[in-house]
1. Exactly one condition in (1) under 25 Å from Phe407 (Cβ atoms); (2) touching a helix residue (DSSP H, G or I) at 6+ places or on another chain (Cβ under 6 Å) is not met by Tyr337; state its number.
2. Checking Ile307 against (1) modelled with pLDDT under 95; (2) surrounded by 15 or more Cβ atoms within 10 Å (Cβ to Cβ), only one condition comes out false. Which one?
3. In the stretch 320-327, is there at least one residue being within 25 Å of Gly414 (Cα to Cα), of a type in the set (Lys, Arg), assigned to a helix (DSSP H, G or I) and assigned by TED's automatic domain parsing to the domain that holds Gly414?
4. Can you go through Thr169, Thr94, Thr80 and tell me which one is buried (at least 22 other Cβ atoms within 10 Å of the Cβ) and either in contact (Cβ under 8 Å) with a residue 24 or more places away in the chain or not assigned by TED's automatic domain parsing to the domain that holds Phe186 (or both)?
5. Report whether or not Lys54 is of a type in the set (Lys, Arg) and touching a residue at least 60 places away in the same chain (Cβ under 8 Å).
6. Filter the stretch 331-359 for residues that are touching a Phe, Trp or Tyr at 6+ places or on another chain (Cβ under 7 Å) and of a type outside the set (S, T, N, Q) and give the result.
7. Regarding the stretch 407-425, can at least one residue be identified that is in a helix (DSSP H, G or I), within 27 Å of the chain's Cα centre (by Cα) and among the aromatic types (Phe, Trp, Tyr)?
8. Look at the stretch 349-406 and say how many of its residues are acidic (Asp, Glu) and closer than 16 Å to Ser313 by Cα.
Amino acid sequence: MITFARTSLHLSLNLFTILLLSIGLNSQALADDIAKASPVHEYNLDNGMKILVKQDKRAPIAAMYVWYKVGSSYEHEGSTGLSHMLEHMMFKGTEKHPKGEFERILAENGAKNNAFTSQDYTAYYEIIASDRLNVAMELESDRMRGVVVPPEEFKKELEVVKEERRWRTEDKPTAMTYEQFQAAAFTNSPYRTPVIGWMNDLNHMTYEDARAWYKKWYAPNNATLVVVGDIEPDAVYEMAKQYFGPIEKSEIAKTKPRQEVKQLGMRHITVKVPAEVPYMMMGYKTPSILTAEEKWEPYALEVLASILTGGDSARLVSKLVRGKEIASSISASYEGYGRLPDLFTFSATPTKASSVAEVKKAIEAEIETLKTTPVSQEELERVKAQTISGEIYDRDSIQHQASLLGFLESVGLGYKLMDDYVKNISAVTPEQIQAVAKKYLVEDQMTFAELVPQPIDPNKKKQPEPYFER
């Protein structure tokens, strides 16, 4: 499902799913109606900046995002963490708006804002009253090229990022397992490196590194402006011309393919860190929408993930968590919306009465069942309805709409893909699900990671989560 943060209420979503089933899964018509009622308006500035605007007048607010096509997958060995570090630096002030002014001005205008870095992009957003959109646009345009950070401020913020890494990864057993799992699953794909960066690279990161990264990637012709809300599309375009139009474009370097080499057999790693309970991850190499041999394969893989763990009635949840009670938690997910091929992953925590080996064996048995026995039409329709209803329900949020538009554009899929999502999910057949299970969920393409808990220092006190101020 092409979602970011799941904010829908579980009960409401179930009722919506039941409604779709009762009307014969006629959700494509519903999605078409939504698209027709509020089309996406596309504009382009002379400096190469793309602008996507979608009107939604249900509340007098606007969600504005600026997306840059750069993330951790653009980094090379020795430079990991640069994109995330730069995200922090973007809040440290410009010549026009010194440190603290950005947040103060937005707070005075009742706006909320934040930013996030991923493997393929970095995004900055403001949720603001629609009649004050110009405030957010002026601030974002100013820091697109105008960030000024003294070297001593850079050093201070770098220590903040290191502490963030310690808190979010090194002190979290499952996060450490995930990081080691990714590094083992990929040989040369940049998806093997953590977004926050390796600690050794952070220790050797310099002020000059960050300034060069900023100059290289932060430009209008490497950015997409997305605005969704109670606005007039043409007025937004004119406002964007005023604030972003004068910024000169840059020469954006073409990225190397960095295609992952073929895996030649199963990989198995053990992670030993202080932890209370064991944990496991399994991942199979799968194509992205951009790289799939057949257009339908990614959608079949997405439906397959929902069949396994998409709700309380899903196979692994009903059988392993509630039935046999050998797993206290379990999930399956397909990551196919990036600019590079990724993984179909399983993660699980065994109960005290079971083991990682027992859970792994049970998952593999379910995979074999999928390969040998086609999914029933009844189960497939239920899962499709659940998957589609979740996506349509999420699109009720203007923030989700803005996220979806910018995300699809930034990874190279194009925002128009969202219009075909329901149709592509609806078209998945039992034979296609069986085909992708046989083709991709095979041992030679699998990486397995097991967390083996080590004793926890009884003298180490649990610290409250720190606030990582940008």
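1. Unmet for Tyr337, out of (1) under 25 Å from Phe407 (Cβ atoms); (2) touching a helix residue (DSSP H, G or I) at 6+ places or on another chain (Cβ under 6 Å): (2).
2. Condition (1) is where Ile307 drops out.
3. No, the stretch 320-327 contains no residue that is within 25 Å of Gly414 (Cα to Cα), of a type in the set (Lys, Arg), assigned to a helix (DSSP H, G or I) and assigned by TED's automatic domain parsing to the domain that holds Gly414.
4. Thr80
5. So Lys54 fits the description; yes.
6. Ala332, Tyr334, Leu340, Asp342, Leu343, Phe344
7. Yes.
8. Number satisfying all stated conditions: 4.
The values are calculated or read from the model by the stated rules, or taken from the named source; none is laboratory data. Predicted model, so just to flag it, every value in this text is computed and none were measured. A quick note on method: Cβ atoms are made from the backbone with ideal geometry, for glycine too, and the neighbour counts reach across all protein chains shown.
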